[in-house]
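The values are calculated or read from the model by the stated rules, or taken from the named source; none is laboratory data. Only a predicted model underlies this, so the values are computations on that prediction, with no experimental measurement involved. Neighbour counts are summed over all protein chains in view; Cβ atoms, including those assigned to glycine, are modelled from backbone coordinates with ideal geometry.
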Amino acid sequence: MSGKEKLHKILLYSLVFFFMFLLQMLLFSNLPVLGFILLPIPCAVIALSVIEGAAFGVFFGLICGLILDVSGGTVLFWYSVSLMLASYLVGRVLTNWIRQSLPAAMILSVSAFTLGEILRVLILHVFVDGAQFLSLFTAAVPSALLSSIAALPFILILQYVHRKHSEA
């Protein structure tokens, strides 16, 4: 794959994530689903690390995490650090044992995002006392699962872009 083709693929991925960010900020943040604000970007970033590999996932994890952190609503640098770590772990460690496929990408991204949300609530509970412990089961896990469902169409688009540019 030449440098021009790699740049084209990165631009297509960026366009998909830009569209996801717009949907997340304009639609999902204003129309909660079952009382939860959906965050499909973290699931899609983690799934991209399964599709493309750890280095690519860490790069997009940093960029998307910084955008999510700057857009507000969370502990500063939480998403940038957690998406980088989750993308690296899922992309490097877990894909050595699990075949790269769409079901594997979905399962790993849902698991990593759910664990990240549980960790975020625990950190807030212990250090900030800003969250109650029961919110793990009433907010963190359902929000992560609903966000992963919202991320599924975007993961399919990312996999399609990967396939089209891998064949070329």
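A compact table of results
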| quantity | calculated |
| --- | --- |
| So G53, is it exposed (fewer than 12 other Cβ atoms within 10 Å of the Cβ) and modelled with pLDDT under 85 | no |
| Residue identified as surrounded by fewer than 20 Cβ atoms within 10 Å (Cβ to Cβ), closer than 22 Å to A140 by Cβ and of a type in the set (G, A, S) among G35, G3 | G35 |
| Only one of V93, V126, V58 that is at pLDDT 85 or above, part of a helix (DSSP H, G or I), more than 20 Å from L38 (Cβ to Cβ) and among the hydrophobic types (A, V, I, L, M, F, W, C) | V58 |
| The stretch 148-168 residues that are over 17 Å from F113 (Cα atoms), paired with ones that are among the basic types (K, R) (beta carbon under 6 Å, 6 or more apart) | H165/K9 |
| Single condition L27 does not satisfy, out of (1) modelled with pLDDT of 85 or more; (2) closer than 28 Å to V93 by Cα | (2) |
